[in-house]
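Below: one structure, written as structure tokens.
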Amino acid sequence: MSTRFLTLAMAACLSFTSSVMAQVTLVDKGQPRAVLVIPEQAIPEEKIAAEEIQLHIERMSGAKLAIVTPGQEQGLAAVRIGRAAPPSLAQRLGQATKDQSAFVLKVDASEIAFTGLINDEEAAMLHELFKQPVRQLRNQLREIGYTDQGKGTTIAAYELLEQLGVRWYAPGDWGLVVPRKDTIIVAAQDKVHQPVIRTRLTATTVKHDRVWDRRMRQGGPNFPSSHGLPGIGHTRDYLKEHPEWGSLNDGERRGRQVCISNPQVIEHVAQATREYFRRNPWADIIGMGANDGRGFCECDNCRALDGGDYDALGGYESMTDRYIWLFNQILDRIKDEFPDKRIGFYAYSVYNRPPVKVIPNRRIVPAVALITLCRLHGMDNPICPESQYQQRIIRQWGKLVDEVYDRGYWFNLSDPGLPFFILDRVRTEIPLGYKLGLRGWRVETNPSWGSETPSLYIASKLLWNPEADVDAMLQEFYTLFFGPAARPMQQYIEMLSKRLNSADHHTGAAWDMPFIYDASVRKAAVDALAQAQALATEEPYAARVKAYADCWRYFELFTEVIESRWQHDYAASMKALTELEALQKQLRAATPPMINVKFEEYMNRFYNAATKQGYACVTGENQFIAGLLPTWQFLLDPGNIGVDINLWDHHNTGGNWQTIDARTSWGNQGLRHYKGIVWYRQSVEIPASAKGRRLFLWFAGVDEAATVWVNSKLVGASAKGTFKPFDLDITPYIKAGERNTIIVRLANETLNELGTGGIVGPVMIYAPGNPEAKPTGGVPDQKIVEDMETIGGE
């Protein structure tokens with residue numbers, strides 16, 4: 001056995017042996033043989049622990065254990081909880097660890113006793129606070145930073161229930177496994193448990209079941225990072241009184257960001273930080289940072305703070321040095337009153353790289369949030385070149401400060417809820433992150449339980465102990481959760497997880513999911529699910545398998561929506577979208593949601609409009625005329641000289657144009673990190689029957705901005721809004737009965753998170769039936785118009 005394994009094992013479970021130990025019976029043949037003992041002035045974690053044991057024991061056996069206070073045991077075996085346990089347990093726990101998630105659990109001949117670390121002064125204060133009205137109480141608890149999540153006493157109750165066979169694979173009854181037992185006996189033991197990883201949180205972007213998080217032992221010290229500065233925040237209201245505090249952009253104080261070199265800003269933020277710690281004496285860290293987005297101050301003083309480091313991955317100059325400088329100023333100003341307080345911030349976007357000029361105060365705590373990196377693969381996956389970059393960023397920060405946390409992403413960015421099992425990712429990424437020195441995780445998730453379970457369950461277990469036996473946990477999950485359908489459901493889940501892990505695709509959102517889950521994967525998935533449904537004829541197994549099958553059908557419908565419109569069959573795409581939206585509503589309404597409630601927004605933002613508008617363009621009085629192919633001729637223009645060298649002129653047939661397929665992201669065609677100008681070119685035959693008709697050129701979407709020529713004539717530009725459909729009136733420029741050349745100049749320079757670019761949907765020509773119809777596209781950039789005029793273009 002390795003020294004490292006011994007260290008982890010000792011940290012996770014420090015064992016003590018008693019001279020006299022024996023098992024304790026809680027229920028005997030359906031009759032309660034024990035009571036749950038809590039202090040007279042019990043605090044939330046003690047009450048929750050008792051109520052959770054009571055609830056699950058009753059579901060297990062039908063027997064309801066009474067919750068009492070000391071002296072009311074009535075000769076029954078006692079389960080002594082929190083401060084109702086013998087004081088010697090708390091003393092021993094305090095000598096072993098200071099981790100608030102740790103607990104001691106002792107079972108001997110007469111009783112069960114467990115407790116976490118409970119401060120008597122804190123307990124007395126909480127008892128008084130909980131006498132207040134709920135709304136006032138919530139504000140008070142937020143002010144002092146209290147949460148019952150991650151408290152050792154509560155976690156001890158979950159340890160006891162897990163020993164009895166209870167599992168929470170997902171929120172609610174759907175994810176709950178409770179064995180039926182008429183007699184419940186707890187084995188003798190005497191152990192101190194503590195997590196290997198201090199902070200274990202899955203922060204979500206939408207409302208989420210926090211009860212499940214608590215049952216999964218999530219918690220630990222929160223590391224509050226933030227967008228915005230204390231006393232200023234996100235609002236621009238301060239500009240009304242202090243316009244000089246706003247960021248200088250293009251010669252004007254705009255206020256998207258803050259001019260952090262302004263001495264008044266520094267003093268204002270420092271004072272707001274002092275006031276925060278005075279109001280929250282128990283808080284040892286405050287979050288602050290830049291506002292989300294760009295618009296950083298361009299004044300000479302702020303620019304002088306930058307380290308000259310360039311983030312080639314994101315395509316921008318790093319802003320980390322200037323913010324580390326600011327954090328140093330704040331900590332220096334408050335050190336007389338608060339010498340040990342810390343600042344937490346997101347190492348994110350344009351400030352994710354470590355500083356190169358400014359030495360950070362070691363009380364600065366970065367939470368690495370590399371949003372521009374691939375999120376389909378873990379940071380140790382050799383198929384993903386970016387994985388090594390992520391490791392390097394973590395190591396470099398670790399050399400500069402005392403603590404580094406992970407604020408990553410365990411969901412596919414802007415994905416509308418397609419199957420996303422990340423078992424192969426988390427089982428290696430969490431142990432590696434711990435080895436790299438990460439002190440904790442507070443990852444962002446958008447859980448779709450029918451498309452992800454058991455990913456977050458396995459991740460939560462690994463966050464407690466990175467060397468937990470994943471294979472054993474998975475085998476137990478398949479058996480307990482799916483019953484007779486265990487084998488085909490294992491095949492389904494692990495096939496998709498491995499395919500996701502091994503696919504050489506790295507784009508965010510769902511652009512590439514139909515390619516990742518290709519025809520062979522789809523057939524195997526359908527076969528496995530059909531076999532599982534045939535085997536799972538009884539509840540709860542049938543409902544669970546059906547949820548997975550419905551989520552797979554959701555993916556199939558999404559694929560039909562996308563693939564049909566690439567074939568210019570907008571009626572089929574619309575039919576699939578209508579069915580998808582109905583199924584989406586059903587899956588969102590389930591308990592727990594089988595797909596995330598936020599994902600309707602993603603469908604509307606990225607996918608629905610192209611189908612609905614495309615369908616409108618070819619129905620009613622409108623008529624489809626010609627569809628362009630998904631493959632285009634393609635040429636990079638990194639120097640932005642395409643207009644000058646007449647790439648817009650269809651008479652120029654050379655130039656070593658390449659071929660690109662717009663059906664998949666250009667990130668998977670060698671352009672993963674390219675930001676700049678590109679050109680697309682394609683010829684299309686227009687039937688003679690279109691002569692004399694008004695003709696519109698329609699694009700399903702582009703990323704980011706398009707300028708369009710038809711037969712060397714400058715026609716127009718895309719409408720404002722990336723990924724949104726638009727059309728242009730090309731009537732004066734088209735030649736019916738001939739081949740016509742469409743040339744598009746694409747600017748993709750600022751959006752980085754998705755990894756997409758260029759033309760991202762089908763293009764067609766249609767004839768509007770309404771003679772008053774107006775196109776939705778806009779006019780080209782004035783600079784392009786002027787350049788065309790200069791060189792004699794049209």
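The values are calculated or read from the model by the stated rules, or taken from the named source; none is laboratory data. Quantities reported herein were computed from a predicted structural model and do not represent experimental measurements. So basically every Cβ, Gly included, is an ideal-geometry build from the backbone, and we count neighbours across all protein chains shown. Each accessible area value is taken on the protein alone, full model and side chains, heavy atoms only, with ligands, DNA and RNA left out. Shrake-Rupley method; radii C 1.70, N 1.55, O 1.52, S 1.80 Å.
Kindly indicate whether Ala736 is in contact (Cβ under 8 Å) with a residue 60 or more places away in the chain and either part of a strand (DSSP E or B) or among the aliphatic types (A, V, I, L, M) (or both). No; evaluated as a whole, the condition is false for this residue.
Considering the stretch 147-237, the qualifying strands (runs of 3 or more DSSP E), each wholly inside and each with 1 or more residues that are modelled with pLDDT under 95 and under 28 Å from the mean Cα position of the chain (by Cα), run over 199-204. Tell me, yes or no, whether the stretch 539-562 has at least one residue that is closer than 30 Å to Val178 by Cα and either modelled with pLDDT under 95 or among the β-branched types (Val, Ile, Thr) (or both). Scanning the stretch 539-562 turns up at least one residue that is closer than 30 Å to Val178 by Cα and either modelled with pLDDT under 95 or among the β-branched types (Val, Ile, Thr) (or both).
Looking only at residues in the stretch 474-516 that are over 29 Å from Ser564 (Cβ atoms) and either touching a Pro at 6+ places or on another chain (Cβ under 8 Å) or among the charged types (D, E, K, R) (or both), which one is most open to solvent (accessible area, probe 1.4 Å)? Taking the candidates together, the pick is Arg487.
Matching residues to (1) at pLDDT below 95; (2) closer than 30 Å to Asp28 by Cα:
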residue: Ala42; (1), (2): yes, yes
residue: Glu45; (1), (2): yes, yes
residue: Arg59; (1), (2): no, yes
residue: Ala63; (1), (2): no, yes
residue: Leu76; (1), (2): no, yes
residue: Val79; (1), (2): no, yes
residue: Ser110; (1), (2): yes, yes
residue: Leu117; (1), (2): yes, no
residue: Glu122; (1), (2): yes, no
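All of Val350, Val365 fail the test of being of a type in the set (Val, Ile, Thr), open to solvent by less than 10 Å² (accessible area, probe 1.4 Å) and at pLDDT 95 or above, apart from Val365. For the stretch 517-536, a residue qualifies if it is touching a residue at least 40 places away in the same chain (Cβ under 8 Å) and surrounded by fewer than 20 Cβ atoms within 10 Å (Cβ to Cβ), and the qualifying residues are Gln531, Gln533, Leu535. Considering each of Arg427, Arg375 in turn, give the residue that is in contact (Cβ under 8 Å) with a residue 24 or more places away in the chain, basic (Lys, Arg) and open to solvent by less than 20 Å² (accessible area, probe 1.4 Å). Selected residue: Arg375, the only one of Arg427, Arg375 that is in contact (Cβ under 8 Å) with a residue 24 or more places away in the chain, basic (Lys, Arg) and open to solvent by less than 20 Å² (accessible area, probe 1.4 Å). Only residues that are assigned to a strand (DSSP E or B) and either of a type in the set (Ser, Thr, Tyr) or within 38 Å of the chain's Cα centre (by Cα) (or both) were counted across the stretch 614-659, and they come to 10. Of all the residues that make up the stretch 660-672, how many are in a loop (DSSP other than H, G, I, E, B), closer than 19 Å to Ser683 by Cα and open to solvent by less than 40 Å² (accessible area, probe 1.4 Å)? The total comes to 1.
Scanning the stretch 31-59 for residues that are open to solvent by less than 30 Å² (accessible area, probe 1.4 Å) and either in contact with an Asp or Glu (Cβ under 9 Å, 6 or more places away or on another chain) or basic (Lys, Arg) (or both) yields a count of 10.
Of the candidates Ser497, Ser564, the single residue that is within 22 Å of Asn446 (Cβ to Cβ), touching a Lys or Arg at 6+ places or on another chain (Cβ under 9 Å), polar (S, T, N, Q) and in contact (Cβ under 8 Å) with a residue 12 or more places away in the chain is Ser497.
Cβ-Cβ contacts under 7 Å between residues 6 or more apart (or on different chains), taken from a first residue in the stretch 265-293 that is loosely packed, with under 14 Cβ neighbours inside 10 Å to a second residue that is in a helix (DSSP H, G or I) and not basic (Lys, Arg), are listed as Arg279/Glu143; Trp282/Ile144.
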